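Participant: Structure incoming, see below.
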């Protein structure tokens, strides 16, 4: 791949200008039209003097306009940094201040109103209302502009994209990417998942996260279609998902474990909708046995991935349960001392940033994932997080084993396990669970009885609490701190 590469959207607009690229409930946009809109936004950037090698941020709900912004950013060689719009405004503004962005584009008028700090205004000289940008198609294309024509060739080796990542242990930092490996990994994923010009992938995961952006990059290289909800998705609900499955003729879908389990448990008849699809990627730190059972009936593909590796690293290929096929272009090995999964930097991100400082996370060319696993015959088995392991009475306990056992119980939608200090055993597990909507409460004695059928006695949680509502991935450190500060705020199951 050379340094100068043509923009994938531009290539599709030249090859198949009248082919549908993007669909919503109310809109159908072709590759030619989408490229023209990108030209219009790019012309706006030029007029506003949003220059190359600057850094811009986006705070928005999921919407096709955000995808256009991503494309315009890398055409103009502007570093693209999406922010999680679900964060409290104070935390979000602090993150923006630290980001070194020269401008922010947002669809959130309340956020614009909350910018009081003179210090913040000095650091962010330009705030742009996303709704004021020229996304409507004009009758007169502007693609003949020399500056815009030149931008069709993009630089794939420069730092072009940043995504915040913390795993679930709370240390948040910015992962920085070039387009070279993003495009390479997306191309290989498309081949593995058979995603091409005749297919449609639903974007139902956030575009500030690699799970959502990964779909966008696969689409850009595939020549296929993507489908989005017309007004964006602030919080994905299962009934919204079912509605989208009925609304669009989808071939590909990405889900998290709880979404699959909710669909299966609330109304098993809806599984017929999933059965019609070609491929369904299922991500999550641990895959319950119920999901593995469903892989025999549905096109579910449990997947191991991480932000730094640009999402997909290994995916189930029906070779053997619990074992995932390592994708081409990926080089993995297991550390001999602690069984940690290591990934070679040749297919990874560039670096981390934290508090305006850059640092590498590679040791002799290898990235430490913090995950424990095994490799056999180019297949990977993920055992769990190294930092999710604790010792109770001299015996090692892997938290994920308890969480997956809990999630295998039909009333439970999500589960989180922590280690609590104990005078006798050192530490013992305690559990936090959320229930499906049809179940209001549950007895801890029933939970212990069911878990005793699959877990050793020392692995069965001592206490059970209701898990407060949450979106996205739970920050375990922050959650545990909140619990220890005031346990009375949590509902203990009797």
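Participant: If you go through region 200-226, how many residues are out of contact with any helix residue (DSSP H, G or I) (no Cβ under 7 Å at 6 or more places or on another chain), modelled with pLDDT of 95 or more and under 24 Å from residue 246 (Cβ atoms)?
Facilitator: Going through region 200-226 one residue at a time, the tally reaches 5.
Participant: Still on this structure, I have one more. For the structure I just gave you, tell me whether residue 324 is modelled with pLDDT of 95 or more, more than 28 Å from residue 396 (Cβ to Cβ) and touching a strand residue (DSSP E or B) at 6+ places or on another chain (Cβ under 9 Å).
Facilitator: No; evaluated as a whole, the condition is false for this residue.
Participant: Also: So, residue 427, is that one at negative phi, at pLDDT 90 or above and in a strand (DSSP E or B) or not?
Facilitator: yes
Participant: Take the residues of region 444-461 that are at pLDDT 95 or above and not in a helix (DSSP H, G or I): which is surrounded by the most Cβ atoms within 10 Å (Cβ to Cβ)?
Facilitator: Per the stated criteria, the residue is 461.
Participant: Still on this structure: Sort out which residues of region 401-427 are under 14 Å from residue 455 (Cα atoms) and surrounded by fewer than 21 Cβ atoms within 10 Å (Cβ to Cβ), and write them in order of number.
Facilitator: Those that are under 14 Å from residue 455 (Cα atoms) and surrounded by fewer than 21 Cβ atoms within 10 Å (Cβ to Cβ): 401, 408, 409.
Participant: Could you check residue 182 against (1) part of a helix (DSSP H, G or I); (2) more than 19 Å from residue 307 (Cβ to Cβ); (3) touching a residue at least 40 places away in the same chain (Cβ under 8 Å) and say which number it fails?
Facilitator: So residue 182 meets the others, but not (2).
Participant: Using the structure shown, decide if residue 49 is part of a loop (DSSP other than H, G, I, E, B), modelled with pLDDT of 90 or more, over 25 Å from the mean Cα position of the chain (by Cα) and surrounded by fewer than 19 Cβ atoms within 10 Å (Cβ to Cβ).
Facilitator: When the stated conditions are applied, residue 49 passes them.
Participant: Tally up the residues in region 276-304 that are in a strand (DSSP E or B), within 25 Å of residue 412 (Cβ to Cβ) and modelled with pLDDT of 90 or more, please.
Facilitator: Of the residues in region 276-304, 8 are in a strand (DSSP E or B), within 25 Å of residue 412 (Cβ to Cβ) and modelled with pLDDT of 90 or more.
Participant: Just to be sure I understand, how many residues within region 305-320 are free of Cβ contacts under 8 Å to residues at least 60 places away in the same chain and assigned to a strand (DSSP E or B)?
Facilitator: 1
Residue by residue, here is whether (1) closer than 15 Å to residue 403 by Cβ; (2) without any contact (Cβ under 8 Å) to a residue 60 or more places away in the chain; (3) in contact with a helix residue (DSSP H, G or I) (Cβ under 9 Å, 6 or more places away or on another chain) holds:
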site	(1), (2), (3)
258	yes, no, yes
264	no, yes, yes
267	no, yes, yes
271	no, yes, yes
286	yes, no, yes
293	no, yes, no
296	no, yes, no
303	no, yes, no
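Participant: If you don't mind, there's one more thing I want to ask. Does residue 440 satisfy being part of a loop (DSSP other than H, G, I, E, B), over 24 Å from residue 304 (Cα atoms) and without any contact (Cβ under 8 Å) to a residue 60 or more places away in the chain?
Facilitator: Spelling it out, residue 440 is indeed part of a loop (DSSP other than H, G, I, E, B), over 24 Å from residue 304 (Cα atoms) and without any contact (Cβ under 8 Å) to a residue 60 or more places away in the chain.
Participant: Taking region 66-100 as the region of interest, how many residues are modelled with pLDDT under 90, part of a loop (DSSP other than H, G, I, E, B) and within 26 Å of residue 52 (Cβ to Cβ)?
Facilitator: Residues in region 66-100 being modelled with pLDDT under 90, part of a loop (DSSP other than H, G, I, E, B) and within 26 Å of residue 52 (Cβ to Cβ): 2 in total.
Participant: For region 309-318, give me each residue that is touching a helix residue (DSSP H, G or I) at 6+ places or on another chain (Cβ under 9 Å) and crowded, with 23+ Cβ neighbours inside 10 Å.
Facilitator: Across region 309-318, the qualifying residues are 309, 310, 311, 312, 313, 316.
Participant: Where residues in region 5-24 are out of contact with any helix residue (DSSP H, G or I) (no Cβ under 7 Å at 6 or more places or on another chain) and not in a strand (DSSP E or B), which of them is nearest to residue 183 (Cα to Cα)?
Facilitator: Among those residues, the one meeting the criterion is 11.
Participant: State whether one or more residues within region 328-335 are in a strand (DSSP E or B) and closer than 26 Å to residue 217 by Cα.
Facilitator: Checking region 328-335: at least one residue is in a strand (DSSP E or B) and closer than 26 Å to residue 217 by Cα.
Participant: Separate question: Mind checking which pairs have a first residue in region 94-107 that is touching a residue at least 24 places away in the same chain (Cβ under 8 Å) and at positive phi and a second that is part of a strand (DSSP E or B) and surrounded by fewer than 17 Cβ atoms within 10 Å (Cβ to Cβ), Cβ under 8 Å, 6 or more apart or different chains?
Facilitator: Cβ pairs passing all conditions: 100/55.
Participant: In the list 96, 29, 71, 67, which residue meets the criterion of being within 18 Å of residue 126 (Cα to Cα) and in contact with a helix residue (DSSP H, G or I) (Cβ under 9 Å, 6 or more places away or on another chain)?
Facilitator: Being within 18 Å of residue 126 (Cα to Cα) and in contact with a helix residue (DSSP H, G or I) (Cβ under 9 Å, 6 or more places away or on another chain) holds for just one of 96, 29, 71, 67, which is 96.
Participant: Report, by residue number, each residue of region 462-479 that is modelled with pLDDT of 90 or more and in a helix (DSSP H, G or I).
Facilitator: Scanning region 462-479 gives a single hit, 479.
Participant: A further question follows. For residues that are outside any strand (DSSP E or B) and in contact with a helix residue (DSSP H, G or I) (Cβ under 9 Å, 6 or more places away or on another chain), scanning just region 388-402, find the one that is nearest to residue 370 (Cα to Cα).
Facilitator: 388
Participant: Inspect all residues belonging to region 135-146 and state whether any of them is at pLDDT 90 or above, under 22 Å from residue 97 (Cβ atoms) and not in a strand (DSSP E or B).
Facilitator: There is no residue in region 135-146 that is at pLDDT 90 or above, under 22 Å from residue 97 (Cβ atoms) and not in a strand (DSSP E or B).
Participant: Continuing with the same structure: Examine region 358-368 for a residue that is under 21 Å from the mean Cα position of the chain (by Cα) and in a strand (DSSP E or B), and state whether such a residue exists.
Facilitator: Yes, that holds for at least one residue.
The values are calculated or read from the model by the stated rules, or taken from the named source; none is laboratory data. Computed from a predicted structure; not experimentally measured. Every residue, glycine as well, gets a Cβ built from its backbone with ideal geometry; the counts of neighbours run over all protein chains shown.
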